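The next block holds one structure in the form of structure tokens; read it before the comments.
The values are calculated or read from the model by the stated rules, or taken from the named source; none is laboratory data. What you see is a predicted model; the values in this text were computed from it and never measured. Cβ placement follows ideal geometry from the backbone for every residue including glycine, while neighbour counts extend to all protein chains displayed. Side chains are part of the model used for accessible areas, which takes the heavy atoms of the whole protein and leaves out ligands, DNA and RNA. Shrake-Rupley method; radii C 1.70, N 1.55, O 1.52, S 1.80 Å.
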Amino acid sequence: MLQVSSPSRRDVLRSASGAVAATTCGVGCGHHADSASSRPAGHTEPPSSGATQDRATSAGHAPRGPARFPGLPPRIAHGPRDGGAVALTFHGQGDPELARSLLSEAERAGARVTVLAVGTWLDEHPELARRVLDGGHELGNHTMRHRAVCALPADEAYAEIAECADRLRRLTGTIGSWFRPSQARTATDLVTRLAARAGYPHVLSYDVDSLDFQDPGPDAVRDAVLGQVRAGSVVSLHLGHAGTLTALPAVLDGLRWRGLRAVTTTELMHSDGVAATAGPARRTETG
């Protein structure tokens, strides 16, 4: 049995956990037939990821914009299965102190992660965009207000994507590395087209669901991840949940025992191999 954490780590994690309130939405991802050509009134397209970079480059950690992977589908659920890497992806919302502690824990283990940030969270804690990048991680878009984006009319869905992209651009100089739909495992065709129009050639899904947003406890989070993960996996996790933070050392230890390393999603996709399309949505995520 893997140990969740050493005594010294427990002390660190316990002091960081505090009072955590997770937002739960409970709305499924519906398919909507509105035209992808609709735009919110008065809204302008965000600049491309090649826009001039501002504060984000000053500390020497230039952010990455979305990469295009020729030959890969617009919806990606995992990376190459013949390598030794996985991507731990975190839905970015919740207690900022827990987020900082989790990033520090990953860095102590030499791991790099991907944070898909909610725009309102970035508005409340803009310094966290810099913190993610300074740690060698990557930052992406998880919509502006974390609405059930797949169930929205096209103009509202586009606004959710584009407004968060604009927040990321203003904070980092790019629109972020990836887009992941909120309250959905897999994007609909409409949302995939809208994401492409906003500048994201691929929409990120996942093949390992930790269910950590249900707060089942650190042992359950660890077992859910290590029971499903394999080379090339994209793992869905959430910031803002104390159990996830507590479970992370054991998750990283378990990956190392299997010869797997945690890298950013972009690094994972740049490995040799072919990524698979995301399958049908099987459940609703709420983080």
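Residue-wise test of (1) touching an Asp or Glu at 6+ places or on another chain (Cβ under 6 Å); (2) of a type in the set (S, T, N, Q); (3) modelled with pLDDT of 95 or more; (4) farther than 20 Å from Ala87 by Cα.
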residue: Ala129; (1), (2), (3), (4): no, no, yes, no
residue: Leu168; (1), (2), (3), (4): no, no, yes, yes
residue: Thr172; (1), (2), (3), (4): no, yes, yes, yes
residue: Gly176; (1), (2), (3), (4): no, no, yes, no
residue: Ala184; (1), (2), (3), (4): no, no, yes, no
residue: Gly199; (1), (2), (3), (4): no, no, yes, yes
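On the stretch given as the stretch 227-239, residues that are in contact (Cβ under 8 Å) with a residue 12 or more places away in the chain and either assigned to a helix (DSSP H, G or I) or closer than 30 Å to Asp166 by Cβ (or both) total 7.
If you go through the stretch 105-117 and keep only what is surrounded by 24 or more Cβ atoms within 10 Å (Cβ to Cβ) and farther than 17 Å from Ala85 by Cβ, you end up with Val115, Leu116, Ala117.
Report yes if Ala56 is hydrophobic (A, V, I, L, M, F, W, C), at pLDDT below 90 and buried (at least 20 other Cβ atoms within 10 Å of the Cβ), otherwise no. Yes, satisfied.
From the list Ala242, Ala224, Ala198, the lone residue that is in contact (Cβ under 8 Å) with a residue 60 or more places away in the chain, of a type in the set (A, V, I, L, M) and open to solvent by 20 Å² or more (accessible area, probe 1.4 Å) is Ala242.
Taking every residue in the stretch 83-105 that is closer than 19 Å to Leu122 by Cβ and assigned to a helix (DSSP H, G or I) and pairing it with any residue that is open to solvent by 20 Å² or more (accessible area, probe 1.4 Å) and of a type in the set (Ser, Thr, Tyr), at least 6 positions away or on another chain, the pairs with Cβ-Cβ distances below 9 Å are Glu97/Ser17; Leu98/Ser17; Ser101/Ser15; Ser101/Ser17.
Any idea which residue in the stretch 142-155 is most open to solvent (accessible area, probe 1.4 Å), counting only those that are out of contact with any Lys or Arg (no Cβ under 8 Å at 6 or more places or on another chain), part of a helix (DSSP H, G or I) and not β-branched (Val, Ile, Thr)?
Per the criteria, the residue is Ala151.
Among residues belonging to the stretch 69-86 that are farther than 18 Å from Leu103 by Cα and of a type in the set (A, V, I, L, M, F, W, C), point out the one that is most open to solvent (accessible area, probe 1.4 Å). The qualifying residue most open to solvent (accessible area, probe 1.4 Å) is Leu72. Inside the stretch 118-136, residues that are open to solvent by 10 Å² or more (accessible area, probe 1.4 Å) and in a loop (DSSP other than H, G, I, E, B) make up a count of 4. Hey, any hits in the stretch 87-95 for a residue that's surrounded by fewer than 21 Cβ atoms within 10 Å (Cβ to Cβ) and either over 13 Å from the mean Cα position of the chain (by Cα) or modelled with pLDDT of 95 or more (or both)? Taking every residue of the stretch 87-95 in turn, none turns out to be surrounded by fewer than 21 Cβ atoms within 10 Å (Cβ to Cβ) and either over 13 Å from the mean Cα position of the chain (by Cα) or modelled with pLDDT of 95 or more (or both).
The residues in the stretch 241-285 that are in a loop (DSSP other than H, G, I, E, B), over 21 Å from Thr186 (Cα atoms) and either of a type in the set (S, T, N, Q) or at pLDDT 95 or above (or both) can be counted, and the count is 5. For Met269, the conditions (1) buried (at least 24 other Cβ atoms within 10 Å of the Cβ); (2) out of contact with any Phe, Trp or Tyr (no Cβ under 6 Å at 6 or more places or on another chain) all hold with the exception of (2).
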